[in-house]
Amino acid sequence: MVVMSLVACRPAPTKPYEHPPPPISVEISTVTGSDPHSYARPDLVVVRHMGLHWTVSFEEQRLAGSAVLWVERHDPEAPLRLDSRDLEIDTIETSTLGENGRDGPMRLADGSDRAWAEASWSRGARDPILGEALEISLPPGADLVRVRYRTVPQATGLQWLLPEQTADGTDPFLYSQSQAIHARSWIPCQDSPGVRVTYDAVVRVPPSEASADRVALMSAQRRDPAGPPGETRFDMPQPVPAYLMALAVGRVEFEPLGDRSGVWAEPSMRARAAAEFADTERMMAAAESLYGPYRWERYDVLVLPPAFPFGGMENPRLTFVTPTILAGDRSLVSLVAHELAHSWSGNLVTNATWEDLWLNEGFTVYIERRIVEALYGVARAEMEAVLGRQDLAEALADLPEPGDARLHVDLRGRDPDEGLSDVAYEKGALFLRELEHAYGRDVFDPFLRRWFDQHAFTSVDSQRFEAFLQAELVQRVQPRAGGPAARPQAWIYERGIPKGAPQPRSDAFVRVDERLRALGQGIGLRPSDTEGWTPHQWLHLLRGLPAGLPADALVQLDQTFSLTDSGNYEILAQWLEVGVLRGYAPVDARLERFLRTVGRRKFLMPLYRALLQAGRREDAVRIYGQARAGYHPITQHSLDLLLEK
Ligand code: BES
Ligand code: ZN
């Protein structure tokens, strides 16, 4: 894959490890190779800015409105090719903005102030994974395209929730989840992470639909002053790939956390959320001191209803999170560190295709742990690294395709949602950790910072990283004495974990291991054994319970430590899985309630799998039958595949 970008032409600086603050660049990379998950041809005609205008109807569960696309034409003969999935298109028109239209911040909104001519366009057959290609002829000189359309209620990138599916139960809720290729189900766009756009938007929530408190949010700047009642305007001046475009509408309230950060949550959750995320500003400062200025102005967190299919989503300026990380003790906030870290790895420097997801997620896990270490100390970061290493071992043991054990994966013909595993995350992070050990932090930290600075607002692939590693590290610095040499080939293109890879270790877990051995010998766990244990230590215990543990040992654990009533969702999910797999029936009621309310795929998949493994297919199918409608389309899809088998 060839990635062309303007920044790539900058001469390499002569001194490797000083880092002058770079200009905040808004250059745009153009991928000329092909993204297997997009029909777009940005090498011929590329979308640079979008004006979006929607009316939100909770009654119909639709967005209706228009997308105005400003395009740059590299081939004057070529049509504009877009991605779409299940969009109901009314009309497509073209117009000309011309040179003069480009002064100042671009605001296209609904384009009602200009003359439009009907365009000739066609739509390809529906591919079950990719959706439909949309091809629009462009008359000579045309550089604006307006698509008037509506989304369908089943749009894969939107979830429409009824009031009873929210924490407060008073209002319906809408949110989007565009990664990896769902933006096309609510915006006609070039839905490839190699294409970045700026955008402006107007979101109308008609008064008849809205209680006055219903708020519209996007991964963008809210424009001040607000528009007429029921209308919210946004500007997104930093270019982003379509998978980072996000929208949410619901009854949420704001609480500031610091000068440039805050939290949005349903009223009943707001105070809890603000307390849980109180360290956000410190996390930002820690990340900035390592990797340079935060370039997105604000960092807010939106707490979604429990149906949200992921733990978190790094929508720029506005991270979306599951409420299942509100543990009350900040023990799960590494997820915020993770989404914040994406402000560098992913949002600023983006994988050009989903085949190099590790450049987003592996880097992000590495940075997440550095932030956690800076705020909470090495011991906690190491516990999380060990848990991550366990996740990796498990992922490697049951991959759908053996080739998925590589960092660079082949996703041609495959759904990127299903190709998602912990390999990109944890093997990627382990690779960077090995480089850190090899060169030392005083060399490796500035190296990473330069990676972000030099590739800011562009998209990159594995080859680009290899070249950068070679030029900026391998050829300039000797590894530390005894340190391993850089071996990108083995990490990126070979399966599994290279021999001699770093092995995270935790003393706190060694103490847990002692208790596990005792349990194996029939010695029960007493409260005094677990004094001062962190939730991480509990997780380690539950993951490591000896195979032959007798049933009464589970009863004793539950009675002593109330695990079935745990308020920590990580511990609870792990315990429920243990309970199902080992036939400990007292978890069943809690399990059903969990499966009916929580939509986070990471929790649901192992729990439904455990039911199958325990020979309880009927229970799994029955519960799923009742819960499915409340799950997000992404979660539904994964579970349909699991339970149809
Ligand atoms: N960007 C991901 C979520 C994602 C990945 C959505 C791929 C769709 C396709 C997000 O940053 C993430 O990794 N979330 C994790 C939490 C994290 C702490 C590992 C999750 O949701 O569990
Ligand atoms: Zn991530």
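Listed values, structure above:
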| item | result |
| --- | --- |
| Three-way shape label, the range 454-532, alpha-carbon gyration tensor, a/c 1.5 | prolate |
| Taking the convex hull of Cα positions in the range 111-151, its mean projected area over all directions (nm²) | 4.0 |
| Of the DSSP H helices in the chain, those whose Cα atoms cover at least 27 Å axially and whose Kyte score averages -1.0 or more | 357-376, 378-397 |
| Bins of 20 Å, starting at 0 and running to the largest distance - Cα pair percent for the chain | 18, 53, 26, 2, 0 |
| Positive minus negative residues near ALA246 (Lys, Arg vs Asp, Glu; Cβ under 10 Å) | 0 |
| Net charge contributed by nearby residues that have their C-beta within less than 13 Å of ILE571 (K/R +1, D/E -1) | -3 |
| Where GluC sites (Glu not before Pro) fall in DSSP loop in the range 425-498, at most 15 other Cβ within 10 Å | GLU494 |
| Relative contact order (%) - the chain, alpha-carbon pairs under 8 angstrom, separation at least six | 12 |
| For the range 226-312: span of alpha carbons on each principal axis (Å, largest first) | 40, 32, 28 |
| Part-to-part distance (alpha-carbon centres) for the range 519-584 and the range 422-477, which is given in Å | 39 |
| Rounded accessible area of LYS602 (nearest 10 Å², 1.4 Å probe) | 110 |
| Inter-part distance where the range 260-292 and the range 607-645 are each reduced to a Cα centre, Å | 34 |
| Packing-based ranking, highest mean first, of 579-592, 142-155, 548-561 given that Cβ atoms within 10 Å are counted | 142-155, 579-592, 548-561 |
| Rounded, prolate or oblate (a/c below 1.5 giving rounded, otherwise prolate when a/b exceeds b/c) for the range 332-421 by Cα gyration tensor | oblate |
| The range 368-420 and the range 136-188: distance between their alpha carbon centers, rounded to Å | 30 |
| Cut-off under 5 Å, modelled amide H: who pairs with LEU158 long-range | GLN177 |
| Helical contribution to [θ] at 222 nm, DSSP H n ≥ 4, -39,500 (n - 2.57), averaged over the chain, rounded to 500 | -10000 deg cm²/dmol |
| Three-way shape call for the range 168-325 based on the alpha-carbon gyration tensor, with the a/c threshold at 1.5 | rounded |
| Principal axis dimensions, largest first and in whole angstrom, of the range 119-227 by Cα | 50, 37, 28 |
| Burial order of peptide ranges 63-75, 477-489 (average beta-carbon count within 10 Å, highest first) | 63-75, 477-489 |
| Length-normalised contact order for the range 234-285 - Cα pairs under 8 Å, 6+ apart - percent | 26 |
| Solvent accessible area, Å² - SER528, 1.4 Å probe, full protein context | 80 |
| Accessible heavy-atom area order of ARG450, ARG526, ARG441, highest first, probe of 1.4 Å | ARG526, ARG441, ARG450 |
| Surface share of carbon and sulfur [accessible, 1.4 angstrom probe, percent] for the chain | 50 |
| Sorted peptide list for 351-359, 301-309, criterion being average Cβ within 10 angstrom, highest first | 351-359, 301-309 |
| Computed over the range 256-361: relative contact order in percent, which uses C-alpha pairs under 8 Å that are six or more apart | 24 |
| DSSP-defined beta bridges in the chain - what % are antiparallel, rounded to 5 | 80 |
| Distance histogram in 5 Å bins (all Cα pairs of the range 387-457, percent per bin) | 3, 15, 19, 17, 16, 15, 11, 3, 0 |
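The values are calculated or read from the model by the stated rules, or taken from the named source; none is laboratory data. These figures come from a predicted structure and were not determined experimentally. Counting neighbours? That spans all protein chains shown, and the Cβs are built from the backbone with ideal geometry, glycine included. Side chains are part of the model used for accessible areas, which takes the heavy atoms of the whole protein and leaves out ligands, DNA and RNA. Shrake-Rupley method; radii C 1.70, N 1.55, O 1.52, S 1.80 Å.
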